[in-house]
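K.L.:
Pasting a structure here, questions to come.
The values are calculated or read from the model by the stated rules, or taken from the named source; none is laboratory data. Note that the structure is a prediction, hence the values are computed from the model and not measured. Reconstructed Cβ throughout: ideal geometry from the backbone, glycine too, with neighbour counts over all protein chains shown. The protein model used for the area step is the full one, side chains on, heavy atoms only, and it has no ligands, DNA or RNA in it. Shrake-Rupley method; radii C 1.70, N 1.55, O 1.52, S 1.80 Å.
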Amino acid sequence: MDKALNYLSLARKGGMAELGEEPAGAAARAHKAYAILVAGDASDHTWRRALAFAEGTEQQVLRLCYTKEEMGMATGRESLAIAAITDVQMATALVKALTPPEKYQKALEVLAGKSQKARKRQAEARAHKRNVRMGKKK
(Lines give C-alpha, C1' and ligand atoms only; values in the text may rest on other atoms or scores of the structure.)
Protein backbone atom coordinates (compact mmCIF):
# COMPACT_ATOMS: atom_id res chain seq x y z
CA MET A 1 0.00 0.00 0.00
CA ASP A 2 1.08 3.56 -0.73
CA LYS A 3 2.50 5.71 2.11
CA ALA A 4 -0.32 8.29 1.89
CA LEU A 5 -2.92 5.51 2.07
CA ASN A 6 -1.10 4.16 5.13
CA TYR A 7 -1.53 7.58 6.78
CA LEU A 8 -5.23 7.52 5.89
CA SER A 9 -5.50 4.08 7.48
CA LEU A 10 -3.67 5.27 10.61
CA ALA A 11 -5.91 8.34 10.83
CA ARG A 12 -8.99 6.13 10.76
CA LYS A 13 -7.59 3.76 13.38
CA GLY A 14 -6.53 6.70 15.56
CA GLY A 15 -9.89 8.45 15.40
CA MET A 16 -8.45 11.33 13.38
CA ALA A 17 -10.58 10.81 10.26
CA GLU A 18 -14.22 11.24 9.38
CA LEU A 19 -15.21 8.92 6.55
CA GLY A 20 -18.01 9.50 4.10
CA GLU A 21 -19.82 12.58 2.85
CA GLU A 22 -21.98 13.35 5.87
CA PRO A 23 -19.34 12.82 8.62
CA ALA A 24 -16.71 14.68 6.57
CA GLY A 25 -19.15 17.51 5.94
CA ALA A 26 -20.03 17.72 9.63
CA ALA A 27 -16.34 17.89 10.58
CA ALA A 28 -15.74 20.60 7.98
CA ARG A 29 -18.76 22.68 9.08
CA ALA A 30 -17.54 22.39 12.70
CA HIS A 31 -14.10 23.63 11.52
CA LYS A 32 -12.48 20.42 12.80
CA ALA A 33 -11.19 19.22 9.42
CA TYR A 34 -7.74 20.22 8.24
CA ALA A 35 -7.78 18.27 4.97
CA ILE A 36 -10.75 17.02 3.00
CA LEU A 37 -9.69 14.22 0.69
CA VAL A 38 -11.70 13.30 -2.41
CA ALA A 39 -11.07 10.17 -4.49
CA GLY A 40 -9.88 10.78 -8.03
CA ASP A 41 -12.83 8.90 -9.51
CA ALA A 42 -15.45 10.53 -7.26
CA SER A 43 -18.22 12.36 -9.08
CA ASP A 44 -18.03 16.06 -9.84
CA HIS A 45 -20.98 16.50 -7.45
CA THR A 46 -18.89 15.04 -4.59
CA TRP A 47 -16.00 17.34 -5.52
CA ARG A 48 -18.26 20.41 -5.51
CA ARG A 49 -19.75 19.35 -2.15
CA ALA A 50 -16.25 19.04 -0.66
CA LEU A 51 -15.36 22.51 -1.96
CA ALA A 52 -18.58 23.88 -0.48
CA PHE A 53 -17.81 22.30 2.91
CA ALA A 54 -14.51 24.21 3.09
CA GLU A 55 -15.63 27.45 1.45
CA GLY A 56 -14.44 30.51 3.36
CA THR A 57 -12.06 28.51 5.57
CA GLU A 58 -8.43 27.40 5.39
CA GLN A 59 -9.44 23.73 5.24
CA GLN A 60 -7.61 22.13 2.34
CA VAL A 61 -9.65 20.20 -0.25
CA LEU A 62 -7.56 17.77 -2.26
CA ARG A 63 -8.52 15.53 -5.16
CA LEU A 64 -6.30 12.48 -4.85
CA CYS A 65 -5.01 10.11 -7.50
CA TYR A 66 -6.50 7.15 -5.61
CA THR A 67 -9.76 5.48 -6.58
CA LYS A 68 -12.72 5.10 -4.25
CA GLU A 69 -11.87 1.41 -3.94
CA GLU A 70 -8.23 2.14 -2.98
CA MET A 71 -9.32 4.66 -0.35
CA GLY A 72 -11.96 2.21 0.86
CA MET A 73 -9.45 -0.61 1.16
CA ALA A 74 -7.16 1.62 3.24
CA THR A 75 -10.00 2.36 5.66
CA GLY A 76 -11.62 -1.06 5.88
CA ARG A 77 -14.52 -0.27 3.57
CA GLU A 78 -15.52 -1.36 0.11
CA SER A 79 -15.46 2.18 -1.22
CA LEU A 80 -14.72 5.69 0.07
CA ALA A 81 -15.19 8.85 -1.99
CA ILE A 82 -14.52 11.52 0.66
CA ALA A 83 -12.75 11.74 4.02
CA ALA A 84 -11.80 14.53 6.40
CA ILE A 85 -8.60 14.45 8.47
CA THR A 86 -9.15 16.12 11.84
CA ASP A 87 -5.57 16.15 13.17
CA VAL A 88 -3.21 18.77 11.76
CA GLN A 89 -0.02 16.71 12.12
CA MET A 90 -1.64 13.68 10.47
CA ALA A 91 -3.01 15.85 7.66
CA THR A 92 0.44 17.37 7.11
CA ALA A 93 2.15 13.97 7.03
CA LEU A 94 -0.45 12.59 4.62
CA VAL A 95 -0.14 15.54 2.23
CA LYS A 96 3.68 15.29 2.35
CA ALA A 97 3.37 11.67 1.21
CA LEU A 98 1.22 12.53 -1.84
CA THR A 99 2.71 12.56 -5.31
CA PRO A 100 3.44 14.61 -7.30
CA PRO A 101 4.55 16.92 -4.46
CA GLU A 102 4.30 20.14 -6.51
CA LYS A 103 0.56 19.53 -7.06
CA TYR A 104 -0.05 19.70 -3.30
CA GLN A 105 2.56 22.37 -2.41
CA LYS A 106 0.08 25.13 -1.50
CA ALA A 107 -1.92 22.82 0.76
CA LEU A 108 1.28 21.59 2.38
CA GLU A 109 2.42 25.14 3.15
CA VAL A 110 -0.91 25.98 4.83
CA LEU A 111 -0.92 22.74 6.83
CA ALA A 112 2.75 23.07 7.82
CA GLY A 113 2.01 26.54 9.25
CA LYS A 114 -0.98 25.22 11.18
CA SER A 115 1.06 22.24 12.39
CA GLN A 116 3.82 24.53 13.64
CA LYS A 117 1.29 26.64 15.56
CA ALA A 118 -0.24 23.50 17.11
CA ARG A 119 3.18 22.25 18.26
CA LYS A 120 3.89 25.67 19.81
CA ARG A 121 0.54 25.62 21.68
CA GLN A 122 1.26 22.10 22.94
CA ALA A 123 4.70 23.12 24.19
CA GLU A 124 3.22 26.16 25.94
CA ALA A 125 0.55 23.97 27.57
CA ARG A 126 3.21 21.53 28.81
CA ALA A 127 5.30 24.41 30.19
CA HIS A 128 2.24 25.86 31.92
CA LYS A 129 1.37 22.49 33.43
CA ARG A 130 4.95 22.08 34.65
CA ASN A 131 4.91 25.56 36.20
CA VAL A 132 1.59 24.92 37.94
CA ARG A 133 2.88 21.65 39.41
CA MET A 134 5.98 23.39 40.74
CA GLY A 135 3.87 26.07 42.35
CA LYS A 136 5.23 28.86 40.19
CA LYS A 137 3.05 31.70 39.07
CA LYS A 138 3.51 33.72 35.93
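K.L.:
Keeping the other protein chains in place, figure out the carbon and sulfur percent of the accessible area of the chain, with a 1.4 Å probe. Kindly include the intermediate steps, with their values, before the conclusion.
P.N.:
Details: 4150 of 8140 Å².
Percent of accessible area from carbon and sulfur atoms in the chain: 51.
K.L.:
Grab the alpha carbons of the range 30-138, take their convex hull, and tell me the volume per residue in Å³. Don't jump to the answer; show the numbers that get you there.
P.N.:
Details: hull volume 14.4 nm³, N = 109.
With only Cα atoms used, the range 30-138 gives 132 Å³ per residue.
K.L.:
If you don't mind, another one. If 51, 64, 108 are ordered by their accessible area, calculated over protein heavy atoms with a 1.4 Å probe, which sequence runs from highest to lowest?
P.N.:
Numbers: 51 80, 64 10, 108 35 Å².
Listed by decreasing accessible area, they come as 51, 108, 64.
K.L.:
Running a GNM on the chain with Cα contacts under 10 Å, which residue among 102, 69, 18 ends up with the highest mean-square fluctuation?
P.N.:
With Cα springs under 10 Å in the chain, the top fluctuation among 102, 69, 18 is at 102.
K.L.:
With unit charges on the beta carbon (Lys/Arg positive, Asp/Glu negative), name the residue among 34, 134, 51 whose Cα is farthest towards the positive pole of the charge dipole of the chain.
P.N.:
134
K.L.:
Using a Förster distance of 30 angstrom, determine the FRET efficiency expected from the C-beta separation of residue 3 and residue 120, and round it to 0.05. Can you show the working numbers first?
P.N.:
Numbers: r = 27 Å, r/R0 = 0.89.
In this case the efficiency is close to 0.65.
K.L.:
Once every DSSP H run of n ≥ 4 in the chain is given -39500 (n - 2.57) and the sum is divided by its residues, what mean residue ellipticity at 222 nm do you get, rounded to the nearest 500 deg cm²/dmol?
P.N.:
-18000 deg cm²/dmol
K.L.:
What order do you get for 4-11, 40-47 when each peptide is scored by the mean count of other beta carbon atoms within 10 Å, highest first?
P.N.:
4-11, 40-47
K.L.:
Still on this model: With the other protein chains left in place, how much accessible area per residue, in square angstrom, belongs to the chain at a 1.4 angstrom probe?
P.N.:
Numbers: 8140 Å² over 138 residues.
Accessible area per residue, the chain: 59 Å².
K.L.:
I've got another one for you. Specify whether the C-alpha gyration tensor of the range 1-56 places it in the rounded, prolate or oblate class, a ≥ b ≥ c being the square roots of the eigenvalues: rounded for a/c under 1.5, otherwise prolate if a/b is larger than b/c and oblate if not.
P.N.:
Working: a/c = 2.27, a/b = 1.30, b/c = 1.75.
Note, shape of the range 1-56 comes out oblate.
K.L.:
Over the chain, what relative contact order in percent results from Cα pairs under 8 Å that are six or more residues apart?
P.N.:
Details: 191 pairs, mean separation 39.1, N = 138.
The value is 28 percent.
K.L.:
Between residue 65 and residue 109, what is the FRET efficiency for a Förster distance of 25 Å, r being their Cβ-Cβ separation, to the nearest 0.05? Walk me through the intermediate numbers first.
P.N.:
Numbers: r = 20 Å, r/R0 = 0.80.
Between residue 65 and residue 109 the formula returns 0.80.
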